[in-house]
Structure formats: structure tokens, C-alpha cells
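A quick write-up on the structure given underneath.
The values are calculated or read from the model by the stated rules, or taken from the named source; none is laboratory data. From a predicted model like this one, the values you see are computed outputs, not experimental measurements. Note that we place each Cβ from the backbone using ideal geometry, even for glycine, and neighbour counts take in every protein chain shown. Surface areas here come from the heavy atoms of the whole protein model, side chains and all, with no ligands, DNA or RNA. Shrake-Rupley method; radii C 1.70, N 1.55, O 1.52, S 1.80 Å.
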Amino acid sequence: MVEEVFETFRRWIDNRHDYAKAWKEKTGSRIVGYFCTYVPEEILYAVNILPVRILGSHEPPTVTEPYIFAMFCHLCRDCLAQGLKGRFDYIDGIVEGQSCLHLRQAFNAWRLHIPINFAYYIHIPHGIQNPHAIPYLTQELAKFKKNLEDWTGKKITNEDLDKGIRIMNRNRELMRRVYEYRKPDNPKITGLEAMEMVLSSQMVDKEEHSKLLKKLLEELPSRNLNRNSGVRLMIIGSEDDDRVFMKNVEDLGATFVVDEHCTGSRYIWDDVAPHEDKLFAIASRYVKRVPCPSKDWPEFTRVNHSVKLAKEFNVQGALVIQNKFCDPHGIEIPPLREALKQIGVQTYPFEFDVTVPWGQFRTRVEAFLETLTGLEELF
Amino acid sequence: MMLKKMTQTKEYPTEPLKIWNEGKQLRRRYYEDYLNANEHGGLRWAGGAWSFSAIPAGLGDDVYCITGEPHGATIAFFKDFTAKCHEAVEAAGFPRTLCAYMRNYWGSILLDKYILADGTVIDNHPTPDFIWQDHICCSHGKWYQVAKWLEEKKGKRVPMYCVDVSVGYPMDKPLEDYKINYIINQLDDGIEWLKKVTGREYNDVLLCEAVWNEVKATKLWAEICALNQAVPAPLDEKTMYSLYVMGTLMKHRPECVAFYEKLKAEVEDRVRRGIAAVGNERFRVITDTQPPWGFLKIFREMEKYGVVSLGSLYTYGLIGMWKYRPDGSWIPKDLPPAKPKTREEALKLIVEWTVDRPEWAHFYLPEAKTKMILSIVKQWKADAVLLHYNRGCEGLSVHIAENRLGIQKAGVPVFPFEGNMGDEREFDFTGTLARLTTFFESMGLKKMKK
């Protein structure tokens, strides 16, 4: 049963477009593509729109050069490539929640060059550590809600928003409960499986996803992975959906027991807390959530959160990932590594591109794992 | 018509700018004032060229800033020092793909060296008393967050305040009040923060003066740039870099206003007398984004073909303030109706003025920048656009590929070239020059002098 659930997650990712088209056919509802997890999906679910995250395909880029200068990250170019190749031809709109200049470009190029009915940019504040961010975002969300109402012709009530909040909170909570099974000495799931669980949640109907999570949680306690979990690793950094890398590393005698990615824990860690003003409640969640480093100043709260995760999940070593040209994550690498070192967690940095050179990376990962485990052999 | 223009060999009179040395002295004094501020009981702060520099001015007349981008550019101009900065930053574990100005700045802290405008490198990087920044791109807030972190590692605690301006650009209509108020509220809080971290009283009269200075200086710079519509152009872009920089260093100070008033009078006089920046001008181009600062000689190479670079949206609109007239022409923005008299008026004025900055538009809307570039092409009578795909600055390179498409669509010759404003390892001077001269030759130009 557990294996079937993970197989379903995998299938949803691999066949994300087929899933979405079938969903649309079945429900007759609209689908919106979004680029960043700062898009408040609660409001989209409130109006029965399916939000699907636009991610790349990890194929060498061939079509984006005229639209985005190649010194911007591979994620934004790969996302745009999916649109230019017509792979998201079923979506009715695109929405971006302000995060970085890179994805802003993917959004704008999509808006300008790919026919779409609805393109909306939400100015999610960057100054999340200042007290005016929540009231400001509340108004920004009210404007977004109004635009959605105009587009769909449907009034979004408080009950609708409650529904959206409930769907999102439920899904996040269930996934966090699954994360708990990564804490034991012999984790019940691998890092790859965890990534596929979260990734698939960004691509399918959350209610359907949650049903599967519930089944998974019933079965997980008795699961035996039948593998040596090896070194307990953490993976931290830019957007990362490189499943091949995850599998390859775990095949070398390690398990990713936790992550700090927007395709992982950062997406699910915080819920919308109840408040009579529903938009205020949603705004509070998106301001207070574990931040993308682009918004995390003047204090390094994400670094502190990563340290906390590393302790909670008893991490031995961490791989720090930067998507090439991703400045917000690149800037934080030394402070992050230093903070983890202070609690005895060794780190190794990797620069990711649209494809990764596994041959070279394998040697580096093996060397890193040896530094974490090989001392007894040496002495 | 074009061919006739390409083959004409008319020589215009040319002469150096009289104000040149005054500008150099002003710039030198700026860096020295910052360096020596503490010796005289003054304060120094660090932040970006776009930060709301008029706000700390309310702390007194003895408050001096160093703005990170011009400082990063100064470092870049002196390539040996830049290389050392980059080595230090990479040794500290930062990726080499980050903003080049930021890396120059951090490198300076890591090396504990400070460079003056003339290239003199002195020991001991001066630590600011506080950081006053705004976050305009992925790096601006993070830049000083790390600067603060690096100072802390040296045992120095530097308080930091950073203003979030990410509310969008007023393309067709003013921004909604809640967006403007979001920034105003942060500035209001910021004033209380400044009082707390400096222990000083805050003077609203000085604030109002500084805001009004900034408004005047940024309008004046636009008026100076507008004079370059004349044929021959009275200024060339390489020279303009040394002039616009005052606005990036001290846009809120009376010295900046006085300098631009004097400069404007001199440029008007040059236009009246037909004084050219480039004597053999026969082909007019504009560029885009910061140049590769270590290779400004490329502009002199262009002059050998009779090419004058008139400026760019970057040189005109980074500091200069502009607006569209109903007839579609792009002109210097009017001064606000009255000088602010209260803190409330001053903050509202400076926020509304700042979010309307032309160079802010492209951060959100590539089509807004394309429109401005095409207005410059038309009104400044430019024959081509040279787009610097600048690997050193995400902020000014964002959407640049879209701009290229828009310029091409309008039928304007466009030459994109890749480089880096602050990291010489990413600019191929010889290769770029070879391609550029081929481009000029394709435009019918021939080299006029060795």
C-alpha cells in the first residue's frame, strides 16, 4: 500500500499535464499555473481553481535565449521553456507571487509571448521582517481576490476562503506528519520519496492528494524500508526538483532526513492561523512563513530555521544547493554553512544547473560522505 | 540619406568641460568626508544609491554616506584592486556569479582596505555607524545583511535598516495609496530607528531641505541629459558617467544641486555655441545598463568611427526624473508644486517621487523600458542601441532580452554584447571590439582615425 502511494506521487509528477487535463475535463473548472510558492493557493482553491506549479523539465534549454538573458537561473528559463513548448497549453491563467527577479522574468515573458487569458502579479512584500508587511499584503490580496472575481464572474465569500484555507492547511499538516517519520534512526521514507510527495502536491488537486496522505499515514508506522539508512543528510537551498540527484546520493549510502527547499519543507511548514479577517489570516501566513532568502533580511531567520531543522532531525551533514545565478541563496551560503558548522553539521556546496554533472558530483558526494564516516577506518 | 550621413566628415568644435575638475574634487571630498566623519564627531552610514538618503539627513549636517554601487564601480575601475576583492570574496565561500558591485564592496571589507576616487588604497575599511538601505533587487537588502555579518565577524556591530519598495511601478496611473503608505510607514519607523541607534534628535527642517534638494537635483540632471538631444551632442556618455555619479552619491545634498545648476548652464552654453563632445560625430548611439567600468576605453574606440554615445536610459533615468507629455514625448519631470514643510509632506513627496524613477520601471514591466528607450532613440536622434547584457547586475539586466526584441521590432539597429560592470574576468574587450566594429561597418561606417 505504501509503495502504491509513493508510486502514485511519482506518476502524478511524471504525468502532471495528463493529470491536469483530465481534472479539467472532469470538473469543468479553470487551472492556473504559478511560478513560486508565494502565490496564496488558498484564494485559488476558494474559487475552485486548481493551482499547478510551473516547474522545468531538466532538458537543456533551447527556446528561451531570445527572452531571458542566460545569466538568470535555469529554473526561470526552464519554466518559460515549458510554456513556449506548449506543455501547459491547458492552463487558463498564470499568477506569480513576488519572490525574485528570475521568476518575474519567466512570468513576464510568458505574459508577453504565450497566449493566456489571465496573468496576475502579486506584489508580495519583500520586507517580511517589518511590521507593515501584513497589513500591506492583506490589501494586496484583496486586490488579487477582486481580480479573480472579475475574471471568474464569481464572488469569493468568507466561506469560500475558509474552504481554501482548510484544503491547504490540511494538506500541509498531513505532509508535516509524514516528515515526522524521517526523524527515527531508521527513517520510514527516503528523501526522494519526501520530495516526490511534496512536489506532487504542487501539481494535483490537494484534496485528492490529502486522501492519499491519510492512507500513507495509516501504513507508515509499520513500514520497513529494508535499506541501510547510512549517513543522515539534509539538503538545503534554491528550488530543487532534481529527483535523479536525490536518488543517486541516497544510493551511495545516505538518506536525506530533512530538507530546506521550497519543493519540500519550506512549502509545508506553516499554516494559516484562524482570524476573522480571512485575507489578513492568509497574509499573515505568507509573511511569517519560512522565508525565501530573497525576503529574509536584516536577520537570517531562514538560517536559524535550518539549524533548528538540522538539530530536530539529527542531521550529520548537509548539502547546500545553489541554482547557478540564484543570488538570494548564493549570498547566504557562507552564513548558513558557518551556522551549521557551529552545531557540528558539516556542509558541502553544490551549484546546480538545468542538468547536473553526476559523474563529477558523485566523486564529491562520496568524498563528503567519507569525511562524515571514514575517520574510524583511518584511525 | 543614411549613407550620406555615414560618409560625411564634418568636424565640430570641441573643448573640455570647464566644470570637470570641480566634479573631481567634489567626488574626492565625498569619499574623504565619509572616511573622516567620525574624527569630527560626525556620523557615517552605508547604503545603496537608491536608498532614501534624504531621511538620515535629518540627523544633522555632519552625516555622511557611502553608496555601495558607485563605490563598487570605483573599485571596478581599478582592476588590480578589484581582482583582490573578488579573490577575497571567493575565498570566503561566496559564488562568483553574484552581483559584482556587491562582491567588490564585500571584498573591500574582507581585505580591510578602502579605495579613494583616485585609486589610492588605504588600510582599514571604515565601518559605518549604521546601514540605511532599500531593497530594489534580489541582492540589495542581502548585500548589507552580509556586510553587517562581515563586520560582526570583525567584532563590530552595525545596526541595519532596510526599506522594502517592492510595490511595483506606476505605469499608466499612480500607485494605490496603500502601496505608497506601506513605504511611508517604513520611513516613519525608520526615523525613530535612526534616533534610537544614533542617540540624536531628528530635525524635520533638515529632512524637508534634503528632500527638496533631491527633487531639484534629479530634475536638473534630467534637464542636462535633455540638452544632449542637440546635434552635435554637447556631452558623451563616458564623460556623463563622471557627472551623473554625483546624483548617485549625494542626491540629497546642496552641493549636488549647486553642481548640477552650474553644469546645466555650461552645457546650455555648449549647445548654443555648437560645441561637440566628439568632434567628428556622424553616428549617434545609446547604450544600456552600467558599462564594464574597467574598459571605458571602448568609448574612445567608438569615436574613431565618428560614433558618439549620447547616454542611455541608465545614465538619464537612474537619477534623472522624467515624464511623458500627452503628445508622447519624454521630458524632465516638473518640480512638485511646493517644498514640503512637515515630515508627513516630505515623506509622501519623496516616496511618490522615488517610485516613479524611470529606471525602476523595467524591474516590473519590460515594455515600459522599451518604450522609454525608443523615446530616447527618437528624440535624441540615435541611430542604434548598444545593449550591455551585464552579467554583473541582475537588477539592470532583468528583462533586457525583452528590450532587445522590442527595439528590433521597432526597426532600430541593436547590438547586444555580453560583459560585466565590475568583474573584468567576464568582459572580452578584444572580442567585443571586433564585433562592435563589424556592427559599425554594417551600418556603413569606416574608421576615421587611428
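As a test of the formula, what do you get for chain A when each DSSP H run with n ≥ 4 contributes -39,500 (n - 2.57) and the sum is divided by the residue count, at 222 nm and rounded to the nearest 500 deg cm²/dmol?
One gets -16000 deg cm²/dmol as the mean residue ellipticity at 222 nm.
How much net charge surrounds A:T62 when only other residues with a Cβ under 13 Å from its Cβ are counted (Lys, Arg +1; Asp, Glu -1)?
With Lys, Arg at +1 and Asp, Glu at -1, the net is -1.
Using only Cα atoms, tell me the angle between helix B:68-77 and the longest principal axis of chain B; keep it within 0 to 90° and round to the nearest 10.
Tilt relative to chain B: about 50 degrees.
Would region B:349-432 count as rounded, prolate or oblate if I go by the C-alpha gyration tensor, calling it rounded below 1.5 in a/c and otherwise prolate when a/b exceeds b/c, oblate otherwise?
oblate
Provide a whole-number value for the mean count of partner chain Cβ atoms within 10 Å of the Cβ atoms in peptide A:289-302.
Rounded to a whole number, the mean comes out at 4.
Given the options B:A346, B:A210, B:A410, state which has the largest fluctuation in a GNM of chain B using a 10 Å cut-off (strictly under) for Cα springs.
Among B:A346, B:A210, B:A410, the largest GNM mean-square fluctuation belongs to B:A410.
Under the definition of partner shielding as Cβ atoms of other protein chains within 10 Å of a residue Cβ, what is the mean value for peptide A:99-109?
4
Just order B:383-393, A:249-259, B:35-45 by mean Cβ neighbour count inside 10 Å, highest at the front, would you? Before the final figure, lay out each step's value.
On the way: B:383-393: 23.9, A:249-259: 22.3, B:35-45: 16.1.
So the peptides B:383-393, A:249-259, B:35-45, ranked by packing, come out B:383-393, A:249-259, B:35-45.
With only Lys, Arg, Asp and Glu charged, each at its Cβ (+1 for the first two, -1 for the last two), find how big the charge dipole of the protein assembly as shown is about the Cα centre; round to the nearest 20 debye. Working shown, then result.
Numbers: 111 positive and 113 negative charges, 363 e Å.
With only Lys, Arg, Asp and Glu charged at Cβ, the dipole is about 1740 debye.
With a 1.4 Å probe and every protein chain left in place, work out the accessible area per residue of region A:226-378 in Å², rounded to a whole number. Display every interim value, and only then the final one.
Working: 5670 Å² over 153 residues.
For region A:226-378, the per-residue accessible area is 37 Å².
Quick check: with the 1.4 Å probe, what order do B:K264, B:K156, B:K297 take by accessible area, largest first? Let's see the in-between values first.
On the way: B:K264 50, B:K156 80, B:K297 105 Å².
Sorted by accessible area, descending: B:K297, B:K156, B:K264.
Quick check on the protein assembly as shown: of the DSSP beta bridges with both residues there, what percent are antiparallel, nearest 5%?
Around 10 percent of the beta bridges assigned by DSSP in the protein assembly as shown are antiparallel ones.
With θ set to phi - 60° and the Karplus curve 6.51 cos²θ - 1.76 cosθ + 1.60, what are the ³J(HN,Hα) couplings of region A:107-118 in order, to the nearest whole Hz, using x for Gly and Pro?
Those phi angles translate into 4, 5, 5, 5, 4, 7, 10, 10, x, 8, 7, 9 Hz.
Is region A:95-161 rounded, prolate or oblate when judged by the Cα gyration tensor, a ≥ b ≥ c being the square roots of its eigenvalues, rounded requiring a/c under 1.5 and prolate requiring a/b larger than b/c? Could you put the intermediate results ahead of the total?
On the way: a/c = 3.38, a/b = 1.05, b/c = 3.22.
Oblate, because a/c is 1.5 or more while a/b does not exceed b/c.
Need the per-residue list for region A:42-89: every residue with at least 50 Å² less accessible surface in the complex of protein chains than in the chain by itself, probe 1.4 Å, sorted by number.
A:P66, A:F69, A:M71
Given axes a ≥ b ≥ c from the Cα gyration tensor, I'd like to know whether region A:2-161 is rounded (a/c under 1.5), prolate (a/b larger than b/c) or oblate.
Oblate is the answer for region A:2-161, as a/c is 1.5 or above yet b/c matches or exceeds a/b.
Can you tell me the order of B:268-274, B:57-63, A:135-141 when each peptide is scored by its average per-residue count of other Cβ atoms within 10 angstrom, highest first? Before the final figure, lay out each step's value.
Numbers: B:268-274: 14.3, B:57-63: 19.1, A:135-141: 22.3.
Descending packing order for the listed peptides: A:135-141, B:57-63, B:268-274.
Across peptide B:398-408, how many C-beta atoms of other chains are within 10 Å of each residue C-beta, on average?
What the average comes to for B:398-408 is 5.
How much accessible area per residue does region A:2-161 have, in Å², with a 1.4 Å probe?
34 Å²
Show which lysines lie in cross-link reach of B:K156 when reach means a straight Cα distance below 24 angstrom and same-chain residues fewer than eight apart are skipped.
A:K341, B:K84, B:K113, B:K142, B:K148, B:K195, B:K196
Rolling a 1.4 Å sphere over the protein heavy atoms, what is the accessible area per residue of chain B, to the nearest Å²?
Result: 36 Å² of accessible area for each residue.
Accessible area lost on pairing B with A, both sides, 1.4 Å probe, Å² to nearest 100?
That pair of chains buries around 4300 Å² in total.
Using a 1.4 angstrom probe on heavy atoms only, work out the carbon and sulfur share of the accessible area of the protein assembly as shown in %.
That share works out to 51 percent.
Just to confirm the number: angle between the C-alpha axis of helix A:16-27 and the first principal axis of chain A, 0 to 90 degrees, nearest 10?
30 degrees
Please enumerate, by chain and number, the lysines with C-alpha under 18 Å from the C-alpha of A:K183, excluding those fewer than 8 residues away in the same chain.
Partners within reach: A:K308, A:K311.
Residue by residue, what Karplus-based ³J(HN,Hα) values in Hz, rounded to whole numbers, does region A:166-173 have, using 6.51, -1.76 and 1.60 with θ = phi - 60° and x for Gly and Pro?
Here the 3J(HN,Hα) series is 4, 4, 5, 4, 4, 4, 5, 4 Hz.
Positive end of the charge dipole of region B:18-103 (Lys, Arg +1 and Asp, Glu -1 on Cβ, about the Cα centre): tell me which of B:P70, B:Y30, B:S53 has its Cα farthest that way.
Working it through, the farthest residue towards the positive pole turns out to be B:P70.
Of the candidates B:T120, B:T287, B:T354, which one comes out as most mobile in a Gaussian network treatment of chain B with C-alpha springs shorter than 10 Å?
Sorting by GNM fluctuation, first place goes to B:T120.
With angles folded into 0 to 90 degrees, how steeply does helix B:177-198 sit against the dominant principal axis of chain B? Use alpha carbons for both and round to 10.
The two axes meet at around 50 degrees.
Could you check what % of the DSSP bridge pairs in chain B are antiparallel, to the nearest 5?
Antiparallel bridges: around 20 percent, rounded to the nearest 5.
Report the antiparallel proportion of the DSSP beta bridges in chain A as a percent, rounded to a multiple of 5.
Antiparallel: roughly 0 percent of the beta bridges in chain A.
Going down the list B:K219/B:K447; A:K146/B:K216; B:K333/B:K447; B:K18/B:K371; A:K154/B:K179, which pairs span over 32 Å between their C-alpha atoms?
With Cα atoms farther than 32 Å apart: B:K219/B:K447; A:K146/B:K216; B:K333/B:K447; B:K18/B:K371.
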